[in-house]
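In what follows, a structure is listed as structure tokens, so that the remarks can point back to it.
Every read-out reported here was derived from the displayed coordinates using simple, explicitly stated rules and does not represent laboratory data. Since the model is a prediction, treat every value here as computed from it, not as a measurement. We place every Cβ from the backbone using ideal geometry, glycine too, and count neighbours over all the protein chains shown.
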Amino acid sequence: MIYEMRTYELGTTQVPEFENRFAKKLPYRLEFSMLAGLWHTEIGTLNQVVHIWPYEDLNKRAEIRKKAVEAGSWPPDTSGVVLNMRSEVLIPAPFMKATKEQNIGPLYELRTYTYPPGSMPRVIEAWGNSIAKREELSPLAGCWTSDIGDLNKLIHLWAYKSFEERINIRKQAVDTGIWPPKSGVLPLKQETKLLFPASCSPMQ
């Protein structure tokens, strides 16, 4: 299984327009494969949308995208809305549950950690040993390592009910020693953005 994460930078005030166009086309696109979720940024780089698509493999991705385009189902018209597009192919962590339609937000935090080359196996092992306790506090919506795009990245998506819940849970996890995992490896770089789902997103 692979996941494609697409990040689009939009013109100022264009997020609602993009999401409306996306939602109109989405029922036809879903005839070919599922969408994990679509979100827009609230904190971080503004006027961004992030959508994540699961596929069996790269060949299946190419096949599905070709069929959707030939059927006229995809993509939505983004003329005058999208300034820049970025695509990354991700591999799910061994402990990650498959994405599905669920209501676990509405606040999502997308965190990206860049690690030294060669250290990812240690990081994944430590996360696997600690994730069950951490998920008792709030659900992990997804966790991946980068495969195509910038390498040595761990990308994790967490769901919270509110900004206040996020603050409290993160403090509790640290204070009780549940989190962060003790891998012995520190990230070279850490980035985060807070997201809200579009109305058409399977994850809410």
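About the Cα centre of the chain, how large is the charge dipole given +1 on each Lys and Arg Cβ and -1 on each Asp and Glu Cβ? Please answer in debye to the nearest 20.
Working: 25 positive and 23 negative charges, 38 e Å.
It comes to approximately 180 debye.
Need the C-alpha centroid separation for region 189-204 versus region 106-151, integer Å.
If you average the Cα positions of each part, the centres end up 16 Å apart.
Separation between the L186 and I43 pseudo-spin-labels, each 7 Å from Cα along Cα→Cβ, expressed in nm?
It works out to 2.3 nm between the two label points.
Which of S199, S130 has the fewest other C-beta atoms within 10 Å, and how do the rest follow up to the most? Walk me through the numbers before you get to the answer.
Details: S199 9, S130 19.
Least to most surrounded, the residues fall as S199, S130.
Which whole-percent values make up P(r) of region 68-204 when all C-alpha to C-alpha distances are grouped in 10 Å steps starting at zero?
10, 36, 35, 14, 5, 0
Can you give the angle from 0 to 90° between the axis of helix 58-70 and the longest principal axis of the chain, with both taken from C-alpha atoms, to the nearest 10?
30 degrees
Taking the beta-carbon count within 10 Å as an exposure proxy, list C200, C143 from fewest neighbours to most. Provide the component values of the computation, followed by the final result.
On the way: C200 18, C143 22.
Result, fewest neighbours first: C200, C143.
Could you state the angle between the C-alpha long axis of helix 163-175 and the longest principal axis of the C-alpha atoms of the chain, as a value from 0 to 90 degrees rounded to the nearest 10?
For helix 163-175, the angle is close to 30 degrees.
If we sort 89-97, 113-121 on the protection proxy, mean other Cβ atoms within 10 Å, highest first, what's the order?
Details: 89-97: 16.4, 113-121: 14.6.
Result, highest mean first: 89-97, 113-121.
In region 82-100, whose amide N lies under 20 Å from the spot 7 Å out along Cα-to-Cβ of T12? List them in ranges.
Counting backbone N atoms under 20 Å from the label point, the list is 82-85.
Run the simple label-point estimate for T176 and E70 please: 7 Å along Cα→C-beta, distance reported in nm.
5.3 nm
For Cα pairs less than 8 Å apart in space and 6+ apart in sequence, what is the mean separation divided by the residue count of region 2-197, i.e. the relative contact order in percent?
28 percent
Quick one: of K133/K153; K161/K189; K161/K193; K133/K171; K153/K193, which pairs are farther than 18 Å apart, Cα to Cα?
Details: K133/K153 23 Å; K161/K189 27 Å; K161/K193 16 Å; K133/K171 14 Å; K153/K193 15 Å.
Beyond 18 Å: K133/K153; K161/K189.
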